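Before any comments, here is the structure.
The values are calculated or read from the model by the stated rules, or taken from the named source; none is laboratory data. On a predicted model such as this, the values are computed, not experimentally measured, just so you know. As a convention, Cβ positions derive from the backbone with ideal geometry for all residues, glycine included, and neighbour counts pool all protein chains shown.
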Amino acid sequence: MPARTPLMNATLAAASIVAVLSGCSKAATSTDAVSSAGAASTESSASSVANASTANNAKGSDGATGNDGEGPHYDPCDKSLGPSENTGSDSVQPDNARFVPPGLANVGLNETAALRVYASTLERGSSGLALYVAVCNESQRYQCSAAMQVELYDDAGQVLGTVSNAVQSGRVFNVSESPYPISCVAPGQRGMAAITDLPSEVTFEQVKSLGYRFSVFQFDEATPLAATRVSQIEPFAAGDATVFRGTVTNDATLAVKNPVVSVFPLNAVGRPLGYATTGAAEEIPPAGTWSFETSAVAERGVAHVAYALASFPVD
C-alpha cells in the first residue's frame, strides 16, 4: 500500500478522510467523481470527530427513540417498508410516505452499492430546492467516509444537474488502515444527507426523477470511539417553525473545537422532513458540555435524529 497522505483539512461533515485511504487496499466501491466534503470545522490542523445521540454502540438500535428523538421504533433496513427504490408510483399520503413528492422516482445507480436510499424529501426551500435523504447500510461491512452524488433528471431523462454531499452517520471508528478517526455507517444502521444548494436554475416542476451514486470505503472491522454526544434534545415553537435545543457532551479524552450540530426531524417511517443546524467557535474540554439552539425548520416531525461534529488538533 502506498504511503498514507494525512488529510489536514477538516471540512468534512462525516469525518471524510478519503485522502488518507485512497491508497489502501480496501478501496472505494463506487464513483470516483463523488465529492466527500461537507459543512464542518475549517480548522486546517484538525481531524473531524462526530457521534450520534444514540452513543457509541456501533451495532445498537438506531430507531427514532430515546436520545435519538421521541417516536416509534422502526428498522431503516426493513424491506417490508416498501421497495428499495421509489419508481414514482408511491401514492401514500405525505405524512407517512417514504418518498416526497410521491410521484418522484428515486433510483440507485450503483449496482454494487451497499447503501440504499430508503426515504427522501425534495422541497422548495427558502433559497431554492432542498433535498433530504435517509440511507441504510444493508451489508455486513462498515461503509466509511460515505459520500452521495445525486443526479436530477427531467421527464425526457436529461440530466438537469448533479450535486453531492457527505452522508452523516453520527458514529466514529478506528480502522487499521487510517491513523485518524473515520465516520462509518455500521451494518444495519442509517445515515442522513442534506443538500440545500441544488442548482438555482432547476425548478421543482422540472425534476421528475433522482439518481443516486455512493462512494465509500468498506471495512470488515471497525472499533467505535467515544466522541461528541447529543442529548436532552427538545423541539420548541419559533413562530410557525420549530427549533431544537439540546446539549453536546465531549466524551473524548481530548478537548474538541468548533462543535456543529445537525438535527433531522422525521416522519413515522423515518423520512427526513428538514435539516436544522447550528455551530459555535468554542472549545469543549473532556467531559465538558455545550448548549445549543438550531436554526428553524418548517416541520417538527414525530421523531428526530441528531448528530454532533467537532474537531481536535492533530500532531
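Summary table below
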read-out: Residues located in segment 215-272, provided they are closer than 15 Å to His304 by Cα and in a loop (DSSP other than H, G, I, E, B); value: Asn267, Ala268, Val269, Gly270, Arg271
read-out: Subset of segment 95-124 (residues that are crowded, with 18+ Cβ neighbours inside 10 Å and of a type in the set (Gly, Ala, Ser)); value: Ala97, Ala113, Ala114, Ala119, Ser120
read-out: Flag for Phe292 being aromatic (Phe, Trp, Tyr), at pLDDT 95 or above and under 23 Å from Leu129 (Cα atoms); value: no
read-out: Set Ala237, Ala306, Ala241: member being surrounded by fewer than 17 Cβ atoms within 10 Å (Cβ to Cβ), in contact (Cβ under 8 Å) with a residue 24 or more places away in the chain, within 25 Å of Ile195 (Cα to Cα) and outside the structural domain of Gln189 (by TED's automatic domain parsing); value: Ala241
read-out: Qualifying residue in segment 183-193 (condition: of a type in the set (D, E, K, R) and either surrounded by fewer than 17 Cβ atoms within 10 Å (Cβ to Cβ) or not in a strand (DSSP E or B) (or both)); value: no
read-out: Complete set of residues in segment 273-315 that are polar (S, T, N, Q) and outside any strand (DSSP E or B); value: Thr294, Ser295
read-out: Odd one out for Pro285 among (1) touching a Gly at 6+ places or on another chain (Cβ under 8 Å); (2) surrounded by fewer than 24 Cβ atoms within 10 Å (Cβ to Cβ); (3) over 17 Å from Glu123 (Cβ atoms); value: (1)
